[in-house]
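S.K.: Mind having a look at this structure? Questions to follow.
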Amino acid sequence: MSLSPIDIGIFAIYILGILALGLYAARQNNQTKRDYFLAGDKLPWWMIGGSIIAANISSHHLVGAMGAAYSRGFVAVTLEWAAILLGFNALLWVFLPFYLRNGFYTIPEYLQKRFGKATRVVYDVLILFTYIFVEIGAVLFLGALSLYALFDIPILYSVFVLAVLTGIYTIAGGLRAVIWTEMVQLGVLILGGVALTAATINAAGGVQSVVDSAADWKMIYPADDPDFPWTMYLGGIVCISVFYCATNQFIVQRVLAAKNEWHARMGVIFGDYLKFLIPLIITVPALVAPLFLPSLEKPDLLFATLVEKLLPTGLVGLVMAGLISAIMSHISGAINSCTTILTVDIYLEYINKEATDRQAVRFGRLSGVAIIVLGILCSVLLISYSDKPVFLYLMNLYGLFTPGIATMFLLGIFWKRTTSAGALTAGFLTIPLSLALEFTFPEMPFFNRTGIVFWTCMVACWGVSLLTKPQPTALLEGLIWNRGSLQLPAEERARYRGFRKPFYWWLLITAVVLFFYIRYA
C-alpha cells in the first residue's frame with residue numbers, strides 16, 4: 001500500500017508538530033529535579049487522566065488487543081475494564097494518599113520507607129526489566145510491524161526512527177514535554193480510532209451489525225479456556241491490574257505530579273472514563289470485521305488490513321498518525337519513568353548523594369539515551385514471538401515480574417506485621433516461580449500461572465514475616481492503610497462539595513462497567 005500525497009502531508013505535519021510541541025515544552029522547564037521529573041507538581045485533573053490513558057494505550061492495543069478481540073471475542077475488553085474495577089480503585093482508595101502526602105518522586109520510595117533500601121532495589125530491577133523489554137521494546141516492535149504490513153517499511157528502520165524521534169523531546173523536556181505531547185496524541189488517537197471504527201461498522205453492514213454481534217458477547221469464559229478462564233479473577237488479573245495501575249511508576253508518576261489530592265483523584269477517575277471508552281473503540285471493529293474478513297490468517301494484522309481495505313485518502317494519514325501517537329506517547333512515558341527511577345533511586349541514592357538539581361537532570365538525560373538504545377535492542381529480539389496474539393504474549397511477560405511487586409505493596413500497606421525479609425522473599429521468588437510453572441505446566445493459562453505465583457508469594461511473605469522481627473510501630477506511622485487514610489487534609493475539604501465530589505463520578509463509571517460484566521457474563 002502506498003500513501004497518497006495528502007496522507008503523507010497529514011502524517012508529516014503531525015510528526016513535526018509533536019516534535020515542535022515537545023521541544024517548546026522543554027524550554028518551559030526550570031532546571032530542577034521536581035520540574036524535570038514531576039512537571040513542577042502543577043498538573044490539573046484532565047491532564048492527569050488524559051496522560052495516564054495516552055501512556056497506557058499503545059500499539060499493543062491497536063494491534064494486539066484488536067487481534068485478540070478478532071480471534072477470541074468481546075472477552076478481550078475485560079483485560080482493560082478490569083483495571084477500572086481493580087487497579088485504579090486500588091490506586092484511588094488505597095495508595096494515592098500515601099504517595100502524595102509523603103512527597104515521593106518514585107513509587108519505590110514507599111518501599112524504602114516501609115521496608116528499607118533492599119526492597120527498593122528489588123523493585124527497581126524488576127520494573128526496569130519490564131519497562132525496557134515490554135513497554136519500550138515490544139511497543140516499538142508492534143508499531144514497526146504495522147508500518148511494515150502497510151507500507152513495506154523495514155521493521156528495523158521504523159523501530160530506529162520511532163525511538164529517536166520520541167527520545168528527542170522526551171529527553172529534552174522531561175515529564176512536562178511528555179504530558180503536553182500526550183494530550184495532543186490522545187486526541188489524534190481517539191479521532192483516528194473513531195474513523196476506523198465507523199468505516200469498519202459501515203463495511204460490516206451498519207450499526208445493526210454491532211447489535212447482532214452483541215448477542216454473542218461474553219466477558220466470562222469457562223475455567224478450561226486456554227486464554228481467558230474465569231479463574232483469572234482469582235489472582236492473575238488482580239495481581240497484574242494492581243501492579244500496573246497502582247504501583248507502577250509508568251502510570252502513577254502523573255498522579256505524583258498533581259496540583260493537589262483533589263486533582264489527583266479526579267484525574268484517576270477521568271482516566272476510568274477514557275479507559276472505558278477507548279477499548280470499545282478498539283474492540284468493536286474487531287468484533288464485526290469477521291463479517292467481511294472471515295479468515296484472517298494473522299489476527300495481529302487486522303488493524304493494518306482494515307486501514308488498507310477501508311480507509312479513503314486523508315483518513316489513512318489520520319489513522320496512521322493515531323497509531324504513531326499511541327506508540328510515541330507510550331514510549332515517551334516509559335523512557336521518562338526509567339530515567340526518573342535511575343536518577344532518583346540509583347544516581348542520587350548510591351552514586352552522587354550531593355548532586356545538584358542540574359547534575360541530576362543531566363544524568364536523567366544521559367540515562368534516557370541508554371534506555372532508548374536498550375529498547376531498540378529488545379525490539380529486535382521480538383522479531384520472533386509467540387504464535388498467539390501478541391497482546392496475550394505481552395500479558396504473559398507481565399506475569400513474570402508482577403506477582404512479587406504486587407505482594408510487597410499490598411501486604412506492606414495492609415498488614416503492619418509484614419517485614420522486610422518477607423517482602424524481599426516475595427520479590428526474589430516471583431521470576432523463578434513463574435519460569436518454573438511455565439516450564440512444568442506450559443499448557444496452563446498464563447493468568448492462572450500468574451495467580452498461583454501471586455498467592456505463593458503472598459503466603460511466603462506472610463510466613464517469613466511471622467518468623468522475623470517486626471518493625472517498631474512508631475516507624476510505621478503514615479505507612480499503613482486504615483480508616484483514617486481516607487480522611488482529607490483540612491485544606492482539601494472545601495474542594496469536595498456537590499458535583500465536585502470525586503465519589504459521585506467514580507460511582508457512575510463503576511456502575512456502568514459492572515452493568516456490562518453482569519449483562520455479558
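No value in this document is a laboratory result; all are computed from the given coordinates. Note that the coordinates shown come from a computational prediction; the quantities given were computed from them, not determined experimentally. All Cβ positions, glycine included, derive from the backbone under ideal geometry; neighbour counts span all protein chains shown.
S.K.: Residue farthest toward the positive end of the dipole of the chain, with Cβ of Lys/Arg at +1 and Asp/Glu at -1: which of Gly317, Phe228, Thr356?
M.R.: The listed residue farthest towards the positive side: Thr356.
S.K.: Taking the Cα centre of the chain as origin and charging only Cβ (+1 Lys, Arg; -1 Asp, Glu), how large is the dipole, in debye to the nearest 20?
M.R.: Details: 34 positive and 29 negative charges, 378 e Å.
The dipole magnitude comes to about 1820 debye.
S.K.: Please give the net charge around Ile84, taking every other residue with its beta carbon less than 11 angstrom from that of Ile84, where Lys and Arg add +1 and Asp and Glu add -1.
M.R.: Working: positive: Lys275; negative: Glu80, Asp272.
Spelling it out: positives minus negatives among the neighbours equals -1.
S.K.: Considering lysine pairs in the chain that are 8 or more places apart or on different chains, how many have Cα atoms under 26 Å apart?
M.R.: Lysine pairs meeting the criterion: 27.
S.K.: Taking θ = phi - 60°, what integer Hz values does the Karplus form 6.51 cos²θ - 1.76 cosθ + 1.60 yield along region 318-332, in sequence order, with x for Gly and Pro?
M.R.: Values, residue by residue: 5, 5, 5, 5, x, 5, 5, 4, 4, 5, 5, 5, 5, 5, 4 Hz.
S.K.: What 222 nm value per residue comes from the helices of the chain, counting each DSSP H run with n ≥ 4 as -39,500 (n - 2.57) and dividing by all residues, nearest 500 deg cm²/dmol?
M.R.: Values: 22 runs with 353 residues, N = 521.
Roughly -22500 deg cm²/dmol at 222 nm, from the helical runs in the chain.
S.K.: Same structure, new question: Roughly how tilted is helix 236-246, in degrees to the nearest 10 and between 0 and 90, from the longest Cα axis of the chain?
M.R.: Result, in degrees: 80.
S.K.: With an 8 Å Cα cut-off and a minimum separation of 6 or more residues, compute the relative contact order for the chain in percent.
M.R.: 30
S.K.: Kindly give Rg over Rh for region 284-440, based on alpha-carbon atoms, with the Kirkwood expression for the hydrodynamic radius. If you can, show how the numbers build up before the last one.
M.R.: Numbers: Rg = 21.5 Å, Rh = 20.0 Å.
Dividing the radius of gyration by the Kirkwood radius yields 1.08.
S.K.: Which net charge results when you count Lys and Arg as +1 and Asp and Glu as -1 among the other residues whose beta-carbon is under 14 Å from that of Tyr131?
M.R.: Working: positive: none; negative: Asp124, Glu135, Asp345.
Around Tyr131, the surrounding residues sum to -3.
S.K.: Using only Cα atoms, tell me the angle between helix 446-467 and the longest principal axis of the chain; keep it within 0 to 90° and round to the nearest 10.
M.R.: Once rounded, the angle reads 0 degrees.
S.K.: How long is the gain from Val194 to Leu466 if the chain were fully straight, where each residue apart is worth 0.36 nm and the alpha carbon distance is subtracted? Could the numbers behind the result be given before it?
M.R.: Details: separation 272, 0.36 × 272 = 97.92 nm, distance 5.35 nm.
The Val194-Leu466 span can extend by a further 92.6 nm.
S.K.: If you don't mind, another one. Would you kindly calculate the mean projected area, averaged across all directions, of the convex hull enclosing the Cα atoms of the chain, in square nanometres? Show your work: numbers first, answer last.
M.R.: Working: hull surface 93.5 nm².
One quarter of the hull surface, i.e. the mean projection, equals 23.4 nm².
S.K.: Then there is this: For the chain, find the longest principal axis of its Cα atoms and tell me its angle to the long axis of helix 117-130, 0 to 90°, nearest 10.
M.R.: Orientation of helix 117-130: about 10 degrees from the principal axis.
S.K.: If R0 is 25 Å, what FRET efficiency do you get for Ala494 and Phe515 from their C-beta distance, rounded to 0.05?
M.R.: Between Ala494 and Phe515 the formula returns 0.15.
S.K.: Residue farthest toward the positive end of the dipole of region 82-193, with Cβ of Lys/Arg at +1 and Asp/Glu at -1: which of Thr166, Ala138, Leu91?
M.R.: Farthest towards the positive pole: Leu91.
S.K.: While we're looking at this one, here's another question. Compute the signed sum of charges (Lys and Arg +1, Asp and Glu -1) over the other residues within less than 9 Å, Cβ to Cβ, of Val75. Please report the intermediate quantities before stating the final value.
M.R.: Numbers: positive: Arg72, Lys218; negative: Asp225, Asp227.
Charge balance near Val75 sits at 0.
S.K.: Name the long-range amide H neighbours of Tyr221: under 5 Å, sequence gap of 5 or more, or other chain; modelled H, no Pro or chain starts.
M.R.: Hits under the 5 Å cutoff: Trp230.
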